[in-house]
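Contents: one structure, followed by commentary.
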Amino acid sequence: MAKGASWYKRAEKIVNRVNRIFPNPEFKNWKSCEELILSAIVTCEQVNKFKIETKNAALILNQTASYLNSKGKYNKTAVMYKKSLDIWSKNLGSNYSLFSSGLNNLAELYKVQGKYSKALPLYLSSLTINKKKQLVIIFLWPLV
C-alpha cells in the first residue's frame, strides 16, 4: 500500500471515530462538545487535507460548525458548512434531509452575521427540499 493511501486510511478512521463520539451540538450536550472540540477541529482539518468525502466526514464538519456557530465562533464555520454540503451533494444528491439541514445551518450563520442576501436563497432551497419530502409522504400515506 502506498504511503499516501496509508495516511488517508488512518485519517478516515479518525474521522469515523471522532464522528461517533462527538455529540449533537444542542445545548444539553455543550459540555461534552467543549471537551471534544479540539479533536473535532483537527479532524475537520484532516478531512480537508486528505480530501475525505464520506458521510461521516460531512457529519463531523457540520456538527463541528454547528457547535462553533452556537458559541459565536464564526471564523471557520462557513467553510465547514460549505464543505459538508459539497460532500453530501456528491454522495447523496441535493434532495436529502441532511443536505437540507446543512443549507439551513449555513443560512442561520449568514443571518446571524447580517448577510441576509446570502441567507435567503439557502432558506428557500432548504424549504423546497422539505416540501418535496412532505409531498412524497402525503402521496405515500394511503399506501402505509
For this session: List every residue pair whose Cβ atoms lie under 6 Å apart, where the two residues are 6 or more positions apart in sequence or sit on different chains, the first residue falls within segment 3-32 and is part of a loop (DSSP other than H, G, I, E, B), and the second residue, located anywhere, is among the aromatic types (Phe, Trp, Tyr) and surrounded by 15 or more Cβ atoms within 10 Å (Cβ to Cβ).
Result: PRO25/TYR67
Exercise. Being closer than 19 Å to PHE22 by Cβ and assigned to a loop (DSSP other than H, G, I, E, B), is that true of even one residue in segment 93-103?
Worked result: no
Exercise. Would you call ASN69 assigned to a loop (DSSP other than H, G, I, E, B), under 17 Å from the mean Cα position of the chain (by Cα) and either closer than 21 Å to VAL47 by Cα or of a type in the set (A, V, I, L, M) (or both)?
Worked result: no
Problem set entry | Filtered residue count, segment 104-128, keeping only those that are under 22 Å from GLY72 (Cα atoms) and outside any loop (DSSP other than H, G, I, E, B) | 16
Problem set entry | Residues of segment 46-105 classified as under 19 Å from LEU124 (Cα atoms) and not hydrophobic (A, V, I, L, M, F, W, C), total | 15
Seminar exercise, completed: Selection over segment 125-139 where residues are modelled with pLDDT of 75 or more and surrounded by fewer than 12 Cβ atoms within 10 Å (Cβ to Cβ) yields a count of 0
For this session: Collect the residues in segment 11-47 that are modelled with pLDDT under 95 and loosely packed, with under 11 Cβ neighbours inside 10 Å, keeping them in residue-number order.
Result: PHE27
Problem set entry | So ALA58, is it under 25 Å from ALA107 (Cβ atoms) and at pLDDT 95 or above | yes
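The values are calculated or read from the model by the stated rules, or taken from the named source; none is laboratory data. Small disclaimer: the values here were computed from a predicted structure and weren't measured. Please note: Cβ atoms are built from the backbone with ideal geometry, for glycine as well, and neighbour counts cover all protein chains shown.
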